[in-house]
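In what follows, a structure is listed as structure tokens, so that the remarks can point back to it.
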Amino acid sequence: MTDLSNASLAALPADIARPGYDRSAVTPGIVHLGVGAFHRAHQAIYVDDCLAAGETGWGIVGASLRSPDTRDALAPQDCLYSLAVRDGQGESLRVVGSILSLLVAPENPERLLEALCLPSVHIVTLTVTEKAYLRNAAGDLDLAHADVMWDLAHHDRSKTVYGFIVEAVARRQAAGIGPFTVLSCDNLPANGKTLRRLLLQFAEARDAKLAAQVEQSIAFPSSMVDRIVPATTDADRTRVAAALGVADAWPVRTEPFSQWVVEDRFPAGRPAWERFGVTMVDDVGPFEDMKLRLLNGSHSAIAYLGLLSGHETVADAFSDPMIRRFVQGLWNEAIPTLPDNAGLDPKAYIGKLTDRYDNPALQHRTAQIANDGSQKLPQRIVATAVEQLRRGGAIDHLALVVAAWIAACEARGGALDADLFTDPLDAQLAGVFAGLSSAAADTVSQVFDRTGFATGQAERPDLQRAVSAHLDVIRNAGIGAAIATLAEG
Ligand code: CS2
């Protein structure tokens, strides 16, 4: 079978959407760090829409900070790939052309720095996942992390986003090239502000003058990104190739829903995203909190409760009446913590979420979402629980999610496969998770210390007590019994 490429585009069946613009006339305007499936199903689509409407200055240079897989799969096909949008009604395919080139940072860090210093590049975007922000238990940049220490000493051979961005800022300034805007698209609260704070901590450790330069010249708008993008499977490759008539080494599979809310602070310019469904706002905070607490919080709940009850996908787990009721109860605890004066409509939001989780064609694996719980739960569950406690509200469901995460971690290598999911703190937590013989309260207190959950919050002991009580029941009687102890949503 022929491979997907610029040359084979003309041979695609007539009903397959494809770049109708001249890709060779598009110049790189965005460098994206973390060019995984999520970016390719989300931001790259909004940019593709802009290019199709005639903009030519916003092509994407995609960079992987770790693995060569995306570049290896897509470079031979001129960086083209297909987007498969699926629901119960079927699948629609579209070939996407907005990624112009792909780099693998560890292979050649200098090439990424060169891309970051192109005068045509005005925006640097990131989807590097929570763990790449390298925060310590106190939430600050982990200056003792080996990669951070490496980057502080090797400016032209960076490994972290901080090393790359700060070196690029320094080089652009030295060469008289104007600054870029840095846009985080990760699932962190106040992601722009958070990135700015951590980046300044890095720059400060490298050179105070450089830190001042970052502080004065770089804008860090925050953004809320939303689209569910399960990992691609071989079945996707086979199905997509049959529909295209050409082979695509790495299509991405997603849902019809897509949302992007972005703070409109781009001093160096930006694509006209608002023309294609992006909501440009002054303050993304309320949208982020709603998404992190209602979507991501329940996603993590479904992942850990689902794994402990033997459900392989979100749709399976969510069709289990016990879990469905649980999620409703979780939402009932989270909604009162959201601002009520920001024009949000949480009821409509969870109505839509219910449909999205029921999508039978997504096949989103619970094990995929279960990864990196120590990095996700703080903003998805713990912050919500702290706020509920502060306002005298219930935290039964919230606390059970934390207990289910611990129980799922403990179950790896026993009831669950040892490598079903991983966590960046696995090494630090291995001893704790192996300590099934210790009392639940001891386990929970050690987990809270190592993860930094609710550090410095007066509500921490109450939260720990609630989590311990649930963990005790899960250990002794199973997840079903723990859920059964809860009053109905
Ligand atoms: C998920 C998210 O894997 C996870 O942790 O909760 O990736 C989720 O699918 C996206 O945030 C949806 O926008």
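Taking the criterion of being within 18 Å of Val278 (Cα to Cα) and charged (D, E, K, R), would at least one residue in the stretch 25-42 satisfy it?
The answer is yes; a qualifying residue exists.
Tell me, please, whether a residue that is within 16 Å of the ligand (Cβ to nearest atom) and either assigned by TED's automatic domain parsing to the domain that holds Leu51 or closer than 30 Å to Ala342 by Cα (or both) can be found in the stretch 197-213.
No; the residues of the stretch 197-213 include none that is within 16 Å of the ligand (Cβ to nearest atom) and either assigned by TED's automatic domain parsing to the domain that holds Leu51 or closer than 30 Å to Ala342 by Cα (or both).
Need at least 3 residues that are under 30 Å from Asn359 (Cβ atoms) per element, so show me which helices (runs of 4 or more DSSP H) inside the stretch 51-158 make the cut, counting only ones lying wholly within it.
Those helices (runs of 4 or more DSSP H) span 69-74.
For the stretch 238-276, name all the residues that are free of Cβ contacts under 8 Å to residues at least 24 places away in the same chain and hydrophobic (A, V, I, L, M, F, W, C).
Ala242
Which ones in the stretch 313-354 are within 14 Å of the ligand (Cβ to nearest atom) and of a type outside the set (Gly, Ala, Ser)?
Across the stretch 313-354, the qualifying residues are Thr313, Val314, Phe318, Val327, Leu330, Tyr349, Lys352, Leu353.
If I go through the stretch 228-257 residue by residue, how many of them are surrounded by fewer than 19 Cβ atoms within 10 Å (Cβ to Cβ), within 14 Å of the ligand (Cβ to nearest atom) and not hydrophobic (A, V, I, L, M, F, W, C)?
1
Any residue in the stretch 286-295 that is more than 21 Å from Gly97 (Cα to Cα), in contact with a Leu (Cβ under 8 Å, 6 or more places away or on another chain) and charged (D, E, K, R)?
yes
With the structure loaded, tell me whether Ala394 is of a type in the set (Gly, Ala, Ser), within 21 Å of Arg460 (Cβ to Cβ) and surrounded by fewer than 24 Cβ atoms within 10 Å (Cβ to Cβ) or whether it fails that test.
Taking the combined requirement at face value, the residue satisfies it.
Which numbered condition trips up Pro339, out of (1) in the same structural domain as Val386 (by TED's automatic domain parsing); (2) over 21 Å from Ala408 (Cα atoms); (3) not in a loop (DSSP other than H, G, I, E, B)?
(3)
Could you run through the stretch 270-312 and say how many residues are away from the ligand (no atom under 13 Å from the Cβ) and farther than 29 Å from Ala481 by Cα?
18
In this structure, does Leu377 turn out to be within 15 Å of the ligand (Cβ to nearest atom) and surrounded by 15 or more Cβ atoms within 10 Å (Cβ to Cβ)?
In short, yes.
Within the stretch 138-156, does at least one residue satisfy the condition of being crowded, with 21+ Cβ neighbours inside 10 Å, at pLDDT 95 or above, more than 16 Å from the ligand (Cβ to nearest atom) and over 25 Å from Phe448 (Cα atoms)?
The answer is yes; a qualifying residue exists.
Find all pairs meeting these conditions: Cβ atoms under 7 angstrom apart; at least six residues apart or on different chains; first residue within the stretch 408-425 and part of a strand (DSSP E or B); second residue aliphatic (A, V, I, L, M) and modelled with pLDDT of 95 or more.
Short answer, once both residue conditions are applied: Arg412/Ala418; Arg412/Leu420; Leu416/Leu307; Leu416/Ala408.
Scan the stretch 164-189 residue by residue and report those that are over 20 Å from the mean Cα position of the chain (by Cα) and within 16 Å of the ligand (Cβ to nearest atom).
Scanning the stretch 164-189 gives no hits.
Looking at Ala440, is it crowded, with 21+ Cβ neighbours inside 10 Å and either more than 24 Å from the chain's Cα centre (by Cα) or not assigned by TED's automatic domain parsing to the domain that holds Glu333 (or both)?
When the stated conditions are applied, Ala440 passes them.
The values are calculated or read from the model by the stated rules, or taken from the named source; none is laboratory data. On a predicted model such as this, the values are computed, not experimentally measured, just so you know. Every residue, glycine among them, receives a Cβ derived from its backbone with ideal geometry; neighbour counts consider all protein chains shown.
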